[in-house]
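A.B. asks: Mind having a look at this structure? Questions to follow.
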Amino acid sequence: MPGLCLAGEPCSPPKDLIHRHALSASDPNRYTLRVFDHHGRLIASSPGASPMGAKPAQLGWSLSGDRTGERWGSYVIHLHHSHGPGEPVWGYLQISSSLSDLDAEAHRLWWLGHGVFLLAMLGIAGASWWLAGLAMAPLLEAYRRQEQFSADVAHELRTPLANLLAVVEAERGAIPDQISFKAEASLDRVLNQGRRLQQLISDLLLLASLERPGPQSQKHLCDLAEISADVLEDFGEMAAAAQVELAQGAWIEPALVQGVDSELSRLVINLLSNAIQHSPAGGRIGVELEQRGREIRLSIRDGGPGIPAAERQRIFDRFTRLDSARSRQQGGTGLGLAIAQAIARRHGGAITVQSAPGDGSCFCVVLPVVG
């Protein structure tokens, strides 16, 4: 077979032009040949054939590799005499072709496919974000209009309500002794409900102002420890009237945060009044102020009935009352926790709640520390 080199002998290229252009048994640029005897010993091979071992592993197609990591695809047939089908096999012919070009192309296609997939996913994500923005724009606009409507209505109601309460208070003070006790009680109910409505309007206006972006220039260095201590002192009488003990636990001083004193005071007031409202007579409310890393944590734990897991996120919504009867009897508006959460977010913090039915609740305010 022309073009093959005997094993163990030097294999030099043809010296003259005629031999170089003679018909060869193999094209070294496309595939190589190797001939083995029936013991698996190499007899001859194409010039430059890769040393892929001795006897072929199996007849037919197979994949193999050399020491450099190059892969080869091979096809093996057996060789025998032409005297008849019963003649014994005297050797094997292996036709091999390097898969380096195919592997390189497969590698390029792999990167190309992943690149196209990544670009497609980015395009889909961008289109989804754009479509979601288009879909959410009317909802956000409706939500903003609802907030603006609530603020406008509260603002418009504040003045006539104040005038109405002034008139009712004046009439009540001018009642002569001969007017029945029933009329006086009716005026008292009007005054109480009017003051409750006045408080609701004030809370709505405060919540609307908190949800609007405010200038950072209003914030300054505040001591949360001093603010919390003042609120605890002010709530001493209220807690005693409710037969609830206020217990101060772990405490740090100072606890410096960046914020607005009045808003932080309102935050502590809302959480503490909520704890007192839901604590039974003879209960205990624990207040702790700690620093953990770069955070100031104010924890208020009550001994109330606890909050079911399904209600823990809903309690921060507006006008949410888990016990409507108790909240209405005590004058709650259902906006206390919503205002507290808005204040915490405005100061770069958050409020978390841990609770279990029958085991009380713990509200934790986390604010970034200064310095």
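A.B. asks: So what is the relative contact order of the stretch 203-304, in percent, for Cα pairs below 8 Å that sit 6 or more residues apart?
C.D. replies: Values: 142 pairs, mean separation 29.4, N = 102.
Contact order relative to length: 29 percent.
A.B. asks: Can I ask one more? Which residues' amide hydrogens lie under 5 Å from the amide hydrogen of Ala242, considering only partners 5 or more residues apart or on another chain, with H built in the peptide plane?
C.D. replies: Sorted by chain and number, the residues that satisfy this come to none at all.
A.B. asks: If I model a spin label as a point 7 Å beyond the Cα along the Cα-Cβ vector, how far apart are those points for Glu141 and Ile252 in nm?
C.D. replies: Spacing of the two 7 Å Cα→Cβ label points: 4.7 nm.
A.B. asks: Rounded, prolate or oblate: pick one for the stretch 229-287, where a ≥ b ≥ c are the square roots of the eigenvalues of its C-alpha gyration tensor, a/c under 1.5 means rounded, and failing that, prolate if a/b is larger than b/c, else oblate.
C.D. replies: prolate
A.B. asks: Would you mind counting up the charge near Leu289? Only other residues with Cβ under 10 Å from its Cβ, with Lys and Arg at +1 and Asp and Glu at -1.
C.D. replies: Details: positive: Arg297; negative: Glu253, Glu288, Glu290.
Neighbour charge sum, excluding Leu289 itself: -2.
A.B. asks: Okay, next question. Convert each backbone phi in the stretch 122-134 into a coupling constant with the Karplus relation 6.51 cos²θ - 1.76 cosθ + 1.60 (shift: θ = phi - 60°), then list the ³J(HN,Hα) values in order as whole Hz, x for Gly and Pro.
C.D. replies: Once rounded to whole Hz, the list reads 5, x, 5, 5, x, 5, 5, 4, 5, 5, 5, x, 5.
A.B. asks: How large is the accessible surface of Phe319 in square angstrom, using a 1.4 angstrom probe and rounding to the nearest 10?
C.D. replies: 100 Å²
A.B. asks: When Lys and Arg each count +1 and Asp and Glu each count -1, what net charge do the other residues less than 11 Å away from Gln248, Cβ to Cβ, add up to? Write down the numbers at each step before the final one.
C.D. replies: Values: positive: none; negative: Glu233, Glu245, Glu288.
Local charge sum for Gln248: -3.
A.B. asks: Same structure again: How large is ³J(HN,Hα) for each residue in the stretch 204-210, as worked out from phi by the Karplus curve 6.51 cos²θ - 1.76 cosθ + 1.60 (θ = phi - 60°), to whole Hz, x for Gly and Pro?
C.D. replies: In residue order, the calculated couplings are 5, 5, 5, 5, 5, 5, 6 Hz.
A.B. asks: Additional query: As a test of the definition: which semi-axes, in Å, follow for the stretch 183-258 when you take the square root of five times each eigenvalue of its alpha carbon gyration tensor? Largest first, please. All intermediate terms of the calculation are to be shown ahead of the outcome.
C.D. replies: Values: eigenvalues 211, 120, 12 Å².
In descending order the semi-axes read 32, 24, 8 Å.
A.B. asks: Turning to a different aspect of this structure: Which sequence of Glu311, Glu226, Glu233 reflects their accessible areas, 1.4 Å probe, from the largest down?
C.D. replies: Working: Glu311 50, Glu226 110, Glu233 140 Å².
Output order, biggest surface exposure first: Glu233, Glu226, Glu311.
A.B. asks: What ranking do 280-289, 123-132, 188-197 get when scored by the average of other Cβ atoms within 10 Å per residue, highest first?
C.D. replies: On the way: 280-289: 16.4, 123-132: 10.0, 188-197: 13.4.
Top of the packing list down: 280-289, 188-197, 123-132.
The values are calculated or read from the model by the stated rules, or taken from the named source; none is laboratory data. Note that the structure is a prediction, hence the values are computed from the model and not measured. So basically every Cβ, Gly included, is an ideal-geometry build from the backbone, and we count neighbours across all protein chains shown. Heavy atoms of the whole protein, side chains included, go into the accessibility calculation; ligands, DNA and RNA do not. Shrake-Rupley method; radii C 1.70, N 1.55, O 1.52, S 1.80 Å.
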